[in-house]
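S.K.: Structure below; questions to follow.
The values are calculated or read from the model by the stated rules, or taken from the named source; none is laboratory data. Please read all numbers here as calculations on a predicted model, not as lab measurements. Quick reminder, even Gly has a Cβ in these numbers, built from the backbone with ideal geometry, and neighbours come from all protein chains shown. Areas reflect the complete protein model, heavy atoms only, side chains present, ligands, DNA and RNA absent. Shrake-Rupley method; radii C 1.70, N 1.55, O 1.52, S 1.80 Å.
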Amino acid sequence: MNKQSITRELFDEVMVPNYAPGKIIPVKGKGSRVWDQDGREFVDLAGGIAVTSLGHAHPGLVGALVEQAGKLWHLSNVLTNEPALKLAKTLCDLTFAERVFFANSGGEANEAAFKLARRYAWEHFGPEKNEIISFRNSFHGRTLFTVSVGGQAKYLEGFEPAPGGIHHADFNDLASVEALISGKTCAIVVEPIQGEGGVMPGDKAFLEGLRALCDRHNALLVFDEVQCGVGRTGHLFAYQMYGVTPDILSSAKSLGGGFPIGAMLTTAKIAASLGVGTHGSTYGGNPLGCAVAQKVIDTVSQAEILKGIKARSERLRKGMMAIGERYQIFSEVRGEGLLLGCVLTEAWQGRAKDFLNAGIDEGVMVLIAGVNVIRLAPSLIIPEPDIDEGLERFERAVKKVCA
Ligand SMILES: *Cc1c(COP(=O)(O)O)cnc(C)c1O
């Protein structure tokens, strides 16, 4: 098969139709710029979906990957390996955590988190304490357990029967949680900032309230930081920004900077409930993934990098608000750091995808979160000229859509 015959049309011939990819096929990236098959250049304000935290082909990440690739790729968990141990130690040093479990994705990190929460309750309080409370509009992954805990019914449609014992409350509404919680609750699962659900930050008082409710009912507080963690908010993890410490935290996306890895962080006491043989993953803790994630964490946790995220956030937020005002398209630009959601006004309801598509035509990649929010999640070290260029291109796209 020659290169010319690899086209977007081929997707429809050989791939399961669960995605609807755009018409271009990117072939190369450098920093926050990406090029397609025809050499057209794009400014990347999407970062994959909040994944390429240090941009494309970051020399440090390439170096870490290549160095490890020349040494050792895989051992399975019958033996441990140096990159996994080193990364786990780093994550424990930088967070509340004392123990780490590695997976390959966010969904798997959450699957481990939810299984651990049930197992911990089962061991300490008995089998009746198995209920999980999560939130409407939340997103936790695509495995059957994680779509069931997730708060978007459409993702579960046709896949039932779902696992039982899962209840959904309203995000940022503590009373709706109080109405559901009981001695049977083993965990409350929450994204401190809902990502897929429209870039909706949790209120500090709400997250503090969840912490207090969990303490009162002997339930575990699980923070899904798959999207909002690893520097997105300008803090290494969002829980540190809120000053509310969970019992279990899941991470992925930005953690690997584009290499598949997920992690579940917890305390020693809780981790003890996943004893030998209770859970596992063939690729979890893979040396390649851990070597890359080590470089990501070592970089993103530096004070100058975190400070730079706040400066970039201001620039991007101001630029989007200005575009919103000139074209009267946004009612609000919300979110933290480099996870921003531009909420479309009443007149533009349901049209987010039109702006994304027009952006591609003008050479800028953005994301959507639902049909009413344009989401931005660029590289955490995106150069400021690229922010400005991305904004200019996006404004041209908006002009076209509004014409
Ligand atoms: C993306 C995402 C997931 C799922 O991660 P995968 O790597 O796609 O399995 C889970 N939770 C949140 C908050 C996410 O944004």
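S.K.: Determine the percent antiparallel among the DSSP beta bridges restricted to region 72-300, to the nearest 5.
M.R.: Roughly 45 percent of the beta bridges in region 72-300 run antiparallel, per DSSP.
S.K.: In whole Å, what are the Cα extents of the chain along the three principal axes, biggest one first?
M.R.: Here the Cα extents, ordered largest to smallest, are 61, 53, 46 Å.
S.K.: For the chain, what is the accessible area per residue in Å², given a 1.4 Å probe and the full set of protein chains?
M.R.: Ligands and nucleic acids excluded, the figure is 44 Å² per residue.
S.K.: Hey, can you rank 281-293, 255-267 by average C-beta count inside 10 Å, highest first?
M.R.: 255-267, 281-293
S.K.: Over region 72-300, what relative contact order in percent results from Cα pairs under 8 Å that are six or more residues apart?
M.R.: 29 percent.
S.K.: When only C-alpha pairs under 8 Å and at least 6 residues apart count, what is the relative contact order of region 165-218, in percent?
M.R.: 38 percent
S.K.: Nearest 5 is fine: what % of DSSP beta bridges in the chain come out antiparallel, could you say?
M.R.: 65 percent
S.K.: Let me ask another. Roughly how big is region 72-300's charge dipole about its Cα centre, with Cβ charges of +1 (Lys, Arg) and -1 (Asp, Glu), in debye to the nearest 20?
M.R.: For region 72-300, the charge dipole is close to 380 debye.
S.K.: Let me ask another. Given a 1.4 Å probe and the protein chains all in place, what does the accessible area of Val62 round to, in Å² to the nearest 10?
M.R.: Here the accessible area works out near 70 Å².
S.K.: If we count GluC sites (Glu not before Pro) as exposed when they sit in a DSSP loop and have at most 15 other beta carbons within 10 Å, what is the longest stretch of the chain that avoids them all?
M.R.: 158-403
S.K.: Given +1 on the Cβ of Lys and Arg, -1 on the Cβ of Asp and Glu, and no further charges, what dipole in debye does the chain carry about its Cα centre, rounded to the nearest 20?
M.R.: Once rounded to the nearest 20, the dipole reads 420 debye.
S.K.: Another one. If each DSSP helix of 4+ residues adds -39,500 (n - 2.57) and the sum is divided by the residues in the chain, what number results at 222 nm, nearest 500 deg cm²/dmol?
M.R.: The helix-only estimate for the chain comes to -12000 deg cm²/dmol at 222 nm.
S.K.: Can I ask one more? Once you treat every alpha carbon in region 72-300 as an equal point and sum by Debye, what is log10 I(q)/I(0) at q = 0.11 Å⁻¹?
M.R.: -0.50
S.K.: Can you give the net charge of the other residues whose Cβ lies under 15 Å from the Cβ of Ala57, counting K and R as +1 and D and E as -1?
M.R.: Taking every Cβ under 15 Å from that of Ala57, the sum is +1.
S.K.: Roll a 1.4 angstrom probe over the protein heavy atoms and tell me the percent of accessible area of the chain that is carbon or sulfur.
M.R.: 55 percent
S.K.: Something else about it: Fully extended, how many nm does the chain gain between Glu13 and Lys400 (0.36 nm per residue separation, minus their Cα-Cα distance)?
M.R.: Between Glu13 and Lys400, full extension yields 136.1 nm more.
S.K.: Could you give the length gained on full extension between Ala175 and Arg326, defined as 0.36 nm per residue of separation minus the Cα-Cα distance, in nm?
M.R.: Gain on extension, Ala175 to Arg326, equals 50.5 nm.
S.K.: Using Cα pairs under 8 angstrom and six or more residues apart, how large is the relative contact order of the chain, in percent?
M.R.: After rounding, I find 22 percent.
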